[in-house]
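The values are calculated or read from the model by the stated rules, or taken from the named source; none is laboratory data. The shown structure was predicted, so the numbers you read here are calculated from the model rather than taken from an experiment. No Cβ is skipped: glycine too gets one built from the backbone with ideal geometry, and neighbour counts run over all protein chains shown. The area values use the complete protein model at the heavy-atom level, side chains included, leaving out ligands, DNA and RNA. Shrake-Rupley method; radii C 1.70, N 1.55, O 1.52, S 1.80 Å.
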Amino acid sequence: MNMMTPEIFIKRQCKADTVERTSLIQSLWSGYGEVVRYSLTGQESPSSVIAKHCTFPLDVNHPRGWHSDHAHLRKVRSYEVEQVWYRQWASRCNPSARVAQCYGDFHDEHTGQRLTLLEDLDAAGYSDRYWEHNMDYVLSCINWLAAFHASFIHSSPSLNWPQGLWKKGTYWHLDTRPDEWAAMQEGELKSAAAELAECLDNARFKTIVHGDAKVANFCFSPMHYSVAAVDFQYVGGGVGVQDVAYFLGSALTESELADNIDYLLAHYFAELGRELMAQGESQALVHEVVDEWQRLFPIAWADFHRFIMGWSPTHSKNTPFSQRLTEQALTQLGRD
Ligand SMILES: Nc1ncnc2c1ncn2[C@@H]1O[C@H](COP(=O)(O)OP(=O)(O)O)[C@@H](O)[C@H]1O
Ligand SMILES: [Mg+2]
């Protein structure tokens, strides 16, 4: 960052006397930057802050040139979207869909660098991360998703909604994955890919989806089984069950999925209905949303399965459970 170091920016934004880099939490994808914790002192400042610092490799020798590289351009845009999310949208979340407070962001147009300063969720009590087979934590995430989706429900969104975010959320949706689609083996799923995507796009009820709601992107409070979510790079328009399908696939083993799927979906829809009623929506609307999104759950699942089958068909997510649900979606397409 020319002239502006993270330390200087943090000092100013958080009104801190001193700022010290304490730990690297994670490097970003492909050397694109890092997530770092800083410790602060000062009467008015928080005692720590998380900085998501995105820097772009300016490798002029890239074989196809960065500007024609889909994956690179999608990443660059995703960091911009995440900043818009924290600046313009995050405060509109239902309080039960907890997200980090943002202390400010910085963008250098010359270097492309971005810095986003976030509340330290560990310090706010969300210091735990998921471990396997923890059904209480799974249910907390489902509650979070229901509250989040209820916050942004929309039956007739305008053309530019949701402004500044992805028109279509999720990192796997078909428009942004032409190469993966082309790599798919010929067959029913490949031919039906566009139709699956259309079913989701043409849904009457839309909301904002997190877009990368895997279990690793949730921070847990061990005291209250409550959660907060991070990583809003793929946040945008969609239907709630896209997040639900992807989340469940990220948290549960195949046998856990097979045993619990009905119960977990029922839990999501009950919570979604409760949150919608609590914010003043009518019972009739709740029924219509739930009806539509229940029907779209297998479609959303199959849409993600389509991505896996193009990206890496030998991936552990290509399970018999996932194949069965995809079959169900394809049969459903024929009937609808
Ligand atoms: N505000 C925060 N408070 C505490 N931990 C955080 C915060 N933001 C991110 N993290 C931790 O850092 C990890 C990486 O951040 P994330 O935004 O998901 O980056 P990436 O794009 O590399 O996945 C998260 O999974 C989470 O454990
Ligand atoms: Mg992440």
Worksheet item: In nm, to one decimal, how far is the modelled label at Met277 from the one at Leu333, with both set 7 Å along Cα→Cβ?
Response: 3.6
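How high is the FRET efficiency between Gln26 and Arg324 when r is their beta carbon distance and R₀ equals 41 Å, given to the nearest 0.05?
Efficiency, rounded to the nearest 0.05: 0.75.
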Worksheet item: So how many Lys-Lys pairs in the chain land under 17 Å Cα to Cα, not counting same-chain pairs under 8 apart?
Response: 7
Worksheet item: Along its principal axes, what span do the Cα atoms of the stretch 114-264 show, with the longest given first and each in whole Å?
Response: 47, 39, 31
Response to the item:
Once Glu292 and Ala258 are pulled to full extension, the length gained, defined as 0.36 nm per residue separation minus their Cα-Cα distance, is 10.0 nm
Item to complete: Measure out, as a whole number of angstrom, how far apart the alpha-carbon centroids of the stretch 96-140 and the stretch 28-48 sit.
Response: 11
Fill in: Cleavage-rule hits (GluC sites (Glu not before Pro)) in the stretch 76-167: DSSP loop, at most 12 neighbouring Cβ within 10 angstrom
Glu109, Glu132
Worksheet, complete the sentence: The farthest towards the positive end of the charge dipole of the chain, of the residues Met4, His173, Val19, given +1 on Cβ of Lys and Arg and -1 on Cβ of Asp and Glu, is Met4
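Which order do the peptides 145-154, 212-221 come out in when sorted by mean C-beta neighbours inside 10 angstrom, highest first?
Order by mean packing, descending: 145-154, 212-221.
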Practice prompt. Just subtract the alpha-carbon distance of Lys190 and Tyr171 from 0.36 nm times their residue separation and send over the number in nm, one decimal.
Written response: 5.0 nm
Discussion item. Applying a 10 Å radius around every beta-carbon, put 251-261, 230-240 in order of their mean neighbour count, most first.
Written reply: 230-240, 251-261
Response to the item:
Once Arg77 and Ala284 are pulled to full extension, the length gained, defined as 0.36 nm per residue separation minus their Cα-Cα distance, is 70.7 nm
Worksheet item: Give or take rounding to whole Å, what are the principal axis extents of the alpha carbon atoms in the chain, in descending order?
Response: 64, 51, 40
Item to complete: Identify, among Cys102, Ala278, Gln43, the residue whose Cα sits farthest towards the positive end of the charge dipole of the chain, taking +1 on the Cβ of Lys and Arg and -1 on the Cβ of Asp and Glu, with the dipole about the Cα centre.
Response: Gln43
Worksheet item: Where nothing but the Cβ of Lys and Arg (+1) and of Asp and Glu (-1) is charged, how large is the charge dipole of the chain around its Cα centre, in debye to the nearest 20?
Response: 600
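So which DSSP H runs in the chain come out at 27 Å plus along the axis (Cα) with average Kyte-Doolittle of at least -0.5?
254-278, 283-311
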Practice prompt. Would you mind classifying the stretch 200-273 by shape? Square roots of the alpha carbon gyration tensor eigenvalues, ordered a ≥ b ≥ c; an a/c under 1.5 is rounded, otherwise it is prolate if a/b is larger than b/c and oblate if not.
Written response: oblate
Worksheet entry | For Ala213, distant residues with modelled amide H under 5 Å away | none
Worksheet item: Between His70 and Asn202, how many nm apart are label points set 7 Å from Cα along the C-beta direction?
Response: 2.4
Discussion item. In whole percent, and with a 1.4 Å probe on the protein chains, what portion of the accessible area of the stretch 6-119 is carbon and sulfur?
Written reply: 49
Discussion item. Treating only the Cβ of Lys, Arg, Asp and Glu as charged (+1, +1, -1, -1), what charge dipole size does the stretch 6-119 show about its Cα centre? Round to the nearest 20 debye.
Written reply: 320
Worksheet, complete the sentence: Carbon/sulfur accessible area of the stretch 213-336, % of total, 1.4 Å probe, equals 53
Practice prompt. Return one whole number: the accessible area per residue of the stretch 65-200 in Å², for a 1.4 Å probe.
Written response: 46
Fill in: Beta bridges by DSSP in the chain, antiparallel share as percent, to the nearest 5
90
Worksheet, complete the sentence: His224 and Ser158 label points (each 7 Å along its Cα→Cβ direction) are spaced in nm at 3.5
